[in-house]
Amino acid sequence: MAERFDLTVIGTGPGGYVCAIRAAQLGMKVAVVEKWPSFGGTCLNIGCIPSKALLHASEMFEEAGHTLPQLGVEVGTPTLNLSAMMAHKDDTVASNTGGIEYLFKKNKITAFRGTGAILGQGRVKVAGEAGETEIETTNIVIATGSVSAGLPGIEIDEERVVTSTGALKLDKVPANLLVIGAGVIGLELGSVWARLGARVTVVEFLDRILPGMDLDVAKQFQRMLQKQGFDFKLGTKVTDIEKTENGLVATLEPAAGGEVSLLETDVALVAIGRVPFTEGLGLDEAGIARDPRGRVVTDARYKTNIDGIYAIGDVIAGPMLAHKAEDEGVAVAEILAGQAGHVNYGVIPGVVYTSPEVASVGKTEEELKAEGIAYKAAKFPFTANGRAKAMLASQGFVKILADKETDRVLGCHIVGKGAGEMIHEAAVLMEFGGSAEDLARTCHAHPTMSEAVREAAMGLGDGSIHI
Ligand code: FAD
Ligand code: NAI
């Protein structure tokens, strides 16, 4: 008689591995199925972690050349050792994915290597190098994530025409990089290669960068990137990329149609979004519903239309973020254990890990306007923050949006060094339904960048002190 599991999780990205660990901690007998050689999914292998390793390393390279001399630290002209930088990235990935393997063992989670397919309620088939195995399980969680969206007619070779996966392992710095899509991937990976010496042109379909982020922040951030050498072609689409002996020739066209132009480049990064991944999972055979965008449909408790089968992370609706997937993983494990698992979708921070960083939580000003919510807004610039000046980091601002009547904080948007850390004080405040006055009256250590968050909140009351 085959071993029977309480829960089988298909996919070990941040959604799947966190769900498996929490379920094991709550007393369930858990199996995971993973088709890749290492655990951790997109995020640990080809996403969050390798991109942050390269973002950090390239920022250090840039600072060594530009910021350190201004601080009186003369290091001469820095030289790039790209293979050492890539080795740092690979070591970081290996150490993180190895950590998941350790956690699975520690929590007595059984790992099946191979592609999982759902045969029906309580049955998962795993096809791996060692042949086929069938798992019997009470519940199944689908956590198969997402893959890069393709551009019709444009063939990806991951060497010259790349997705983020290829852009994380280029073997030399391209003289010219064309980025298609001014979203998070385009701007983060564009930053990596721009800092290392590439001339970066970003072609964006819309008339703005970072759709979904507060427009004020996006506009200011675009100006900052332009100062860093980015060239933006907004309201433009790429309709073709021809591979020539010497490089690539892209055909650009106004988004609304019109006269085409040609752009020569060495490498093109297609970063126009990601799509849910369910190939080979047997969803149609098992009768599991998907929406028109291919996402697995779930109810508010992550259950699909079939009892005992749940889904979380990038493969379902909502922002495609690692921490959203993780929180859903915890929530579904708790629900299966009879607890009240819950995710507050109103308070999911988003961070763009560029230099400076961009961070956001809650509503944008555009969303508040569209929803007809009466609000008040205040901004505090880092030029008025002592610590920022001392660190040559006075670019950017903190913007806080609060309900006009109740003073409850509805959104916080930051562009500036360390924005991705500072945003969490607004997130915690919002999770507890706090007001701008609560934030303004909380003593903040001096001198810190976070004082700017408090000062922005003060601006919604009797006024900021330092502007
Ligand atoms: P995934 O991480 O995609 O994992 C899915 C797993 O399922 C994979 O391991 C896959 O091999 C496995 N799988 C799929 N089908 C099967 C099957 N049939 N059988 C067995 N295994 C299967 N998010 C952030 O929050 N912060 C960031 O800084 C960030 N940076 C990113 C940078 C890049 C370049 C990219 C591409 C993404 C980034 N993201 C970031 C997004 C983040 O990676 C995803 O939101 C997150 O990984 C989603 O987690 P998941 O568990 O839903 O799926
Ligand atoms: P995205 O959705 O952030 O941005 C895609 C951009 O491409 C948009 O600005 C869109 O208008 C544009 N676009 C779409 N079609 C186009 C076309 N044909 N021509 C030109 N522009 C076009 O998607 P991205 O950057 O690919 O990232 C995918 C996902 O990965 C995102 O959902 C993001 O949340 C996640 N991610 C998160 C990171 C983080 O949290 N720091 C880092 C990287 C990725």
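Would you confirm whether or not the range 81-101 contains a residue that is more than 16 Å from ligand 2 (Cβ to nearest atom), in contact with a strand residue (DSSP E or B) (Cβ under 8 Å, 6 or more places away or on another chain) and open to solvent by less than 20 Å² (accessible area, probe 1.4 Å)? Scanning the range 81-101 turns up no residue that is more than 16 Å from ligand 2 (Cβ to nearest atom), in contact with a strand residue (DSSP E or B) (Cβ under 8 Å, 6 or more places away or on another chain) and open to solvent by less than 20 Å² (accessible area, probe 1.4 Å). Among the residues of the range 207-221, those that are in contact (Cβ under 8 Å) with a residue 60 or more places away in the chain, open to solvent by 20 Å² or more (accessible area, probe 1.4 Å), of a type outside the set (S, T, N, Q) and touching a Gly at 6+ places or on another chain (Cβ under 8 Å) comprise G212, M213. Selection of the range 303-326 for residues being away from ligand 1 (no atom under 12 Å from the Cβ) and of a type outside the set (G, A, S) yields K303, T304, N305, I306, D307, I309, Y310. The criterion of being more than 25 Å from T163 (Cα to Cα), surrounded by fewer than 17 Cβ atoms within 10 Å (Cβ to Cβ), small (G, A, S) and without any contact (Cβ under 8 Å) to a residue 12 or more places away in the chain holds for G76.
Regarding E328, is this residue surrounded by 24 or more Cβ atoms within 10 Å (Cβ to Cβ), out of contact with any strand residue (DSSP E or B) (no Cβ under 6 Å at 6 or more places or on another chain) and more than 23 Å from G186 (Cβ to Cβ)? So E328 passes the test. Summed over the range 287-316, residues that are part of a helix (DSSP H, G or I) and open to solvent by less than 20 Å² (accessible area, probe 1.4 Å) total 2. Hey, can you tell me all the residues within the range 234-268 that are of a type in the set (G, A, S) and surrounded by 20 or more Cβ atoms within 10 Å (Cβ to Cβ)? Residues satisfying the conditions are A250, A268. In summary, L215 fulfils each of the numbered conditions (1) within 20 Å of the chain's Cα centre (by Cα); (2) under 22 Å from A167 (Cα atoms); (3) not β-branched (V, I, T) with the single exception of condition (2).
Residues in the range 363-407 that are part of a helix (DSSP H, G or I) and within 22 Å of E63 (Cβ to Cβ): F382, T383, G386, R387, A388, K389, A390.
Of the residues in the range 38-58, at least one is more than 16 Å from ligand 2 (Cβ to nearest atom) and part of a helix (DSSP H, G or I). The set of residues in the range 388-417 that are of a type in the set (K, R) and either within 20 Å of A445 (Cβ to Cβ) or open to solvent by less than 10 Å² (accessible area, probe 1.4 Å) (or both) comprises K389, K399, K417.
Restricting L71, L119, L170 to those that are more than 22 Å from A325 (Cβ to Cβ) and surrounded by 17 or more Cβ atoms within 10 Å (Cβ to Cβ) reduces the list to L170. Restricting attention to the range 222-233 and to residues that are open to solvent by 50 Å² or more (accessible area, probe 1.4 Å) and either in contact with a Leu (Cβ under 7 Å, 6 or more places away or on another chain) or in a helix (DSSP H, G or I) (or both), the residue that is nearest to V415 (Cα to Cα) turns out to be R223. One residue stands out in the range 144-186 among those that are touching a Phe, Trp or Tyr at 6+ places or on another chain (Cβ under 8 Å) and outside any loop (DSSP other than H, G, I, E, B): the one that is farthest from ligand 1 (Cβ to nearest atom), namely L177. You will find that of E129, E158, E188, E204, the residue that is acidic (D, E), open to solvent by less than 20 Å² (accessible area, probe 1.4 Å) and in contact with a Gly (Cβ under 8 Å, 6 or more places away or on another chain) is E204 and no other. Taken together, K237, K219 contain a single residue that is assigned to a strand (DSSP E or B), among the basic types (K, R) and away from ligand 1 (no atom under 16 Å from the Cβ), which is K237.
Take the residues in the range 255-284 that are over 30 Å from V296 (Cα atoms) and under 28 Å from the mean Cα position of the chain (by Cα), then tell me which one is farthest from ligand 1 (Cβ to nearest atom). Result: A255. Selection over the range 252-280 of residues that are touching a strand residue (DSSP E or B) at 6+ places or on another chain (Cβ under 6 Å) and more than 12 Å from ligand 2 (Cβ to nearest atom) gives a count of 10.
The values are calculated or read from the model by the stated rules, or taken from the named source; none is laboratory data. Fair warning: this is a prediction, and the values are worked out from it, not measured in the lab. Virtual Cβ from ideal backbone geometry, glycine too; neighbours counted across all protein chains shown. Surface accessibility is based on the protein's heavy atoms, side chains included, excluding ligands, DNA and RNA. Shrake-Rupley method; radii C 1.70, N 1.55, O 1.52, S 1.80 Å.
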